[in-house]
Structures are given as structure tokens and as C-alpha cells.
Number of protein chains: 2
Amino acid sequence: MEAILLANKQVLLKRYVEGNPSEDDFELKMSYISSHIPQGSNAVFLKNIYLACDPALRYRLSAHDHSDNIALLKPFNLGSVIQGFGVAKVIKSTIPDFEEESYVWGVIGWEEYSMIENPKVLYTIKYTDVPLSYYAGILGMVGLTAYFGINNISSVKEGEVVYVSSAAGGTGLLAGQFAKMMNCYVVGSTSTDEKVDILKNKLGFDDAFNYKKEDLGEALKRVCPNGIDVYFENVGGAMLDEVILHMKTHGRITVCGMISQYGLKEKDGIHNLFHLISKRIRMEGFVDVNYWNFYPQYLEWAIPLIRDNKIVYLQDIAKGLESAPAAFSGIFHGKNIGKAVVNIVADK
Amino acid sequence: MEAILLANKQVLLKRYVEGNPSEDDFELKMSYISSHIPQGSNAVFLKNIYLACDPALRYRLSAHDHSDNIALLKPFNLGSVIQGFGVAKVIKSTIPDFEEESYVWGVIGWEEYSMIENPKVLYTIKYTDVPLSYYAGILGMVGLTAYFGINNISSVKEGEVVYVSSAAGGTGLLAGQFAKMMNCYVVGSTSTDEKVDILKNKLGFDDAFNYKKEDLGEALKRVCPNGIDVYFENVGGAMLDEVILHMKTHGRITVCGMISQYGLKEKDGIHNLFHLISKRIRMEGFVDVNYWNFYPQYLEWAIPLIRDNKIVYLQDIAKGLESAPAAFSGIFHGKNIGKAVVNIVADK
């Protein structure tokens, strides 16, 4: 393919987000991109196929004090193209690791085509007999996060009681199933009765409840009458505060996300940390940069399980790049069932 | 010694404590105790010498929901004798492990004599060439707590920055020195300039500040300009909330106590837990029941250090059983310099 100028639809950050994101925070722009890779430059030119709507992206949509030096958590500049995990096809490449016509997953732009110089977070897709969209979720950062969170951070043991909040989201539904594979008793909470039903009857959760319809304390007492060994935390705020009261001695709180808190200027106060002492609870936060090196091991573990239908994976696929702002904003209102993904173009 | 009835001064819990304890929450009572151990009963009759004023005892002075099943954290009954760590002499014993005339440390009563049947937390003192009072602190639960907290829970590594709050208290001054022995950069906070001076010039802390005289954020920025690797937490509340902002990536918060929170019905809200994710912080609570099995190892490590004056240990010894309520209440106002201990009777 020769170097040509291509029309390139893009999603830009229009303004820094306050509270939960809305479509108006983003802007759709038509621009042009050249597929020409200048001589001497290490770059790939990608045709983007899937974009992952990852809650953690919210972190980069606000101007915040960026003291933690993680490039992936740095606020976007206003007017710049959103960057996030996704799946793409390599159109041109001057990097031997990335062959033309191959598929890759990693950090790409929310646009039709991306030119990425010296890519840092980009991996060639090894197995293409499974849906490519899976690499924007279960076979990408999301799956690895659930796996690492359950297996490493949580130190889950057989027979333990594992509670997952936001359990019908991309990470939650996998964390719950991974814990089930370790013969745990797994319960989840979610925001609609439909999703409660899916958790119990489709995803194999032992129990589940709709946190919007029940007093949280009563619900947790009902579904975990003897307490919780591991809390896979996706929510934060009042949820976290209540869960601490239901933790067992030597319980672990694995802090994967706090979706209720991203949009708050003053975060909710947590009052029950005192119990960390008497219950000897370990609480630990983690983000994906922790554990890239586990990915090959995770992939080889997950692929046969997917091929053998041992994992139920749900995706909520929105069509078209222009649907990205709404799909992303939707996850903050529990609109997605399963992993929210945007499909830009036909995938093969 | 024949069985006789002895006058026995006791300290009872008069009312459940609200807020910080005061002398009025306790009652001094004169009663009588028989030194006779009934046949067939496994018991020791003790003459009590030292009582440890341990902040954690506060936990047992309020009527709280006792769901965690740790006997040592159960609320005392009103009118009952306070039970806590201390040092005693064995006067009579029907238990082979405890020889008459030997010294023991463990959980005893706040009274002149205690009859303890089937003692659960009582240890014969092996080395008596060091002050006996040390077994109510550095050579007892307090020392073991500091040791286990720094070495096991915190995973402290050479060269790390360790911040200790309530650093001139019994546990804090040891935690700081134990971290110094691992070549850490150790800073502490305390409540008076006199104690700041002691931390810096007597206990070998690299830096220290008076949290009552300075803005906490400014002080932490000054003493830990590049952030904190390990926070040895004794305070809770606003202190904890601010420290989170100063933690480095992969920092650890070792939750030993929260002295500012014991007396609060509604504990202070902690707003900065969100940073646990991006900074990948591990926060872990612990209490002494975790690690009794480490005691022999700790003792053998600590004894030569004490003999060789490699540890500076400070005690704040109040004289007379009747001084116990004031000495204990005093630690909640930072009145003690070093470990607060009550000396009931001459020790040898």
C-alpha cells in the first residue's frame, strides 16, 4: 500500500470532565492522516477496529495532579485524540515485530487510523480463531486484570467467599468466574434485575443482588451470612464502607477500581477502616502496569478455556466510532451488560 | 507459701468509655483474694509488678459489636477488673510450665494479685538480666508488634523512606529504630517539641516534626520530599488521609493502631483511598494475635541488642496501681514519653 492521505474520523476530548462523563465532553472531528512512515522512523500505521470502554480511562479525562508518573494515567490534553486499549490491523510497519496485515492489540487512538511511533503498549495477536474483539477485553487488559487481581493480589483460596461489585461489567464478570474456577462461593452486585439474572443463571455466580433495590447491609448479610473473604472492589464509596463491616478476619480487599468515585471532586469518606486492624484486613490497589509480564502466561491459560466454552464472556458492542462517547459514558450509569466495546469497522 | 486471704487493690471499669478515656471511667476497689489453688485446677497465683498501658486496650473499654471473635478485643464487663499485658511473679502454680518464684509476662489483671486459671497468654521470662519492665513493652507485645509490623507486614527494604506517626510512643519508637537498623530513612511525628528533640537526638530518627505546630501536608513535604515508602500507622483519621497523598508508588501502609479514632462514635472519613489504585498501595491491619509464634525468634534477636545498648528504649513509669487510670488516659493526650507502664510494687 502506497502512502496516501486518508480521511480519518477522530474522537477528541473537548473539555475536562466533571462528575460522570457525558457525550458532550467529547468532539467528533474529521481530519486527514498520511499512511507514510518517514524513513528511519519506527512506526506502525494501524486501521483501528475495536475500542475498549475501560472505566480507568476516566482518570485521564480530568485535569489532575499527575504525580504518580504512570504515562497511562496522565490527563489527556484538551483537543487531543483519546487513547485507550483496542484492537487494530497493521497496514504499514517499519518494526519487524509487527507484520503488515497482522492484528494487534494495545493502546491505540479513538480514530479510524492511527500512526504510532515507537509503540510501548502494543502486542501482536497470536490467536485469531477467537473473536478479535476479545482482545479489547477478556484477552487484553481486562482479562489480565481480573486474573491478576483474583490470583495474585487477592490470594484467593479454594472455598473462600468472594464478593464482586459491578459484577456484570467486563472485569467483574471475569473476576467472578475466575474465582468460581477456584471453587469459591462467588456473589456479585449489579444495577438491574436483568443483570442479576444473568449473573446467577448465565455466569455461574452463586448469588447476586441489585444494589439499587435493597439496603446494602441487608443484602450483604443475606448473600454472605458468614462474611466475605475477598472483596473484588470496582465501586468505592459507600459500597466499600459497608463491605468492610462484612469482611471476615484476614479478609482481602482487592482494589481494582472505584467507578463511583472517579467523578467526585471530594471523594466520599470511608469511615470503617478502623476494622482493618481488628479483622487484620489487607487492602491493595493495583493497575495494569503492574503485571504486563504475566500476559503470555495468562493468554495460554485463557485461550483453551475460551475455545472450550469454559468461560462465559459477554460483550456490549456499540457500532461506529461516533458511538464511542455514548458507549463510554454509559458504563458510568451501568448501561452496559458485559464489556463495553466500540466496533469501528468490520473486523476481517 | 500457704493459702491465705490477701488484701487486693483492683482497678475496675466503672462505665463504658465515650471519647478518650479519663480517670473517672475507672474505679479503685479494695477486695480480698485467696492464694489457694483448688485441687485439680490448673492455675497460677501471681503477684503483679508492671502493667502496660497499651492503646489497643481502649478497644475493650467500649460496648461494641464484638463480631471478630478475638478474645483479646472483647469489651470488658462493667465492674470487672481490667485485663492487659503486664509482668508478674509466680507465687503459686499447679502448672509445670510456670515455676514458683519465676517471673512471667502476659495478660494479667489490673490488681495487686491475680489468680489465673488455664492461662492462655502467659510466658515465663527467660532473661532477667534486663529490666523486668521491658517485658511490658520492648520484650513483650509492644516490641513484637513493632518488629512484626516493620519486618513482615511492611516488607521494608534497605534505603526506603519510613514514616512513623506517634513516634515517641512505645511501639513507634521501636518501629522507627527497627527501620533504622535496616538502613532506612526514618522520620517520625509527635505532639511536643521536647519529643521531636528526643526522636532526632536520642532515638536516631533522621527527621521528626511536631504535628500540632505545623500544617501536616507541608511538614510531610519537608521531611519526605520524595514521598514515603512505608507508613507505620498509629494515628488514623486526618493523619492517614494526608499521608496517602505522600505515599510513593508501591508504598505500604502498615496499620498498627488508630489512636485518634478509638474514641469516636462516627470515625473520621478517609477520602483519599482512591490513590491506592494509581499508586498501587497495600494497606494492612494487624494485631498481636497474628504473630505470637514469632516471639521466641524476636526475643533472641532483641536481647543481645538491648544488652549491647543498640536500641534506645524509653519508658514512662507511673508508680502505684492507683496511678493506672491516669497513666492510661494520658497516652490519649500524648502525655507519655516512651512506653507508658505502671509499676505496682518493687520488682525483685
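The residue of region B:86-107 that is farthest from the chain's Cα centre (by Cα), among those that are of a type in the set (D, E, K, R) and assigned to a strand (DSSP E or B), is B:LYS92. Selection of region A:321-348 for residues being small (Gly, Ala, Ser), more than 16 Å from the chain's Cα centre (by Cα) and closer than 13 Å to A:CYS53 by Cα yields A:SER323, A:ALA326. Taking the listed residues B:LYS120, B:LYS213, B:LYS126, B:LYS180, the one that is assigned to a loop (DSSP other than H, G, I, E, B) and free of Cβ contacts under 8 Å to residues at least 40 places away in the same chain is B:LYS213, with no other qualifying. Just one residue in the set A:ALA88, A:ALA63, A:ALA43 is out of contact with any helix residue (DSSP H, G or I) (no Cβ under 7 Å at 6 or more places or on another chain), aliphatic (A, V, I, L, M) and at pLDDT below 95; that residue is A:ALA63. Of the numbered criteria (1) charged (D, E, K, R); (2) more than 22 Å from A:GLU284 (Cβ to Cβ); (3) buried (at least 23 other Cβ atoms within 10 Å of the Cβ), the one A:GLU218 fails is (3).
Do we find that A:GLY170 is touching a helix residue (DSSP H, G or I) at 6+ places or on another chain (Cβ under 7 Å), at pLDDT below 95 and surrounded by 22 or more Cβ atoms within 10 Å (Cβ to Cβ) in this structure? So A:GLY170 fits the description; yes. Please tell me if A:SER189 is within 25 Å of A:ASP54 (Cβ to Cβ), assigned to a loop (DSSP other than H, G, I, E, B) and not aliphatic (A, V, I, L, M). Judged against the criteria, A:SER189 is not a match.
The residue of region B:249-261 that is farthest from the chain's Cα centre (by Cα), among those that are more than 8 Å from every other protein chain (Cβ to nearest Cβ) and surrounded by 20 or more Cβ atoms within 10 Å (Cβ to Cβ), is B:GLY251. Restricting attention to region B:326-348, the residues being among the basic types (Lys, Arg) and closer than 20 Å to B:PHE26 by Cα number 1. Selection of region A:173-213 for residues being hydrophobic (A, V, I, L, M, F, W, C) and touching a helix residue (DSSP H, G or I) at 6+ places or on another chain (Cβ under 7 Å) yields A:LEU174, A:ALA175, A:PHE178, A:ALA179, A:VAL186, A:VAL187, A:LEU203, A:PHE205, A:ALA208, A:PHE209.
Quick grid of which residues meet (1) surrounded by fewer than 23 Cβ atoms within 10 Å (Cβ to Cβ); (2) of a type in the set (A, V, I, L, M, F, W, C); (3) over 16 Å from B:GLU23 (Cβ atoms):
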| residue | (1), (2), (3) |
| --- | --- |
| B:ARG280 | yes, no, yes |
| B:TRP292 | yes, yes, yes |
| B:TYR295 | yes, no, yes |
| B:ILE317 | yes, yes, yes |
| B:LYS335 | yes, no, no |
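When B:LEU240 is tested against (1) free of Cβ contacts under 8 Å to residues at least 24 places away in the same chain; (2) within 25 Å of A:PHE274 (Cα to Cα); (3) assigned to a helix (DSSP H, G or I); (4) not hydroxyl-bearing (Ser, Thr, Tyr), only condition (1) is not met. Among the residues of region A:306-340, just one is among the basic types (Lys, Arg), within 12 Å of A:GLY169 (Cβ to Cβ) and in contact (Cβ under 8 Å) with a residue 40 or more places away in the chain, namely A:LYS339. In region A:221-237, the qualifying residues are those that are at the interface with chain B (Cβ under 10 Å from one of its Cβ atoms) and outside any strand (DSSP E or B), and the one that is nearest to the chain's Cα centre (by Cα) is A:GLY236. When A:LEU203 is tested against the conditions (1) of a type outside the set (S, T, N, Q); (2) away from chain B (no Cβ under 13 Å); (3) in a loop (DSSP other than H, G, I, E, B); (4) surrounded by fewer than 20 Cβ atoms within 10 Å (Cβ to Cβ), the lone failure is (4). Filtered by the rule that a residue be in a helix (DSSP H, G or I) and either at pLDDT 95 or above or touching a Ser or Thr at 6+ places or on another chain (Cβ under 6 Å) (or both), region A:149-165 gives A:GLY149, A:ILE150, A:ILE153.
Filtering B:LEU5, B:LEU72, B:LEU57 for residues that are over 16 Å from B:ALA327 (Cβ atoms), at pLDDT below 95 and within 14 Å of another protein chain (Cβ to nearest Cβ) leaves a single hit, B:LEU72.
The values are calculated or read from the model by the stated rules, or taken from the named source; none is laboratory data. Predicted, not measured: the structure shown is a model, and the values here were computed from it. No Cβ is skipped: glycine too gets one built from the backbone with ideal geometry, and neighbour counts run over all protein chains shown.
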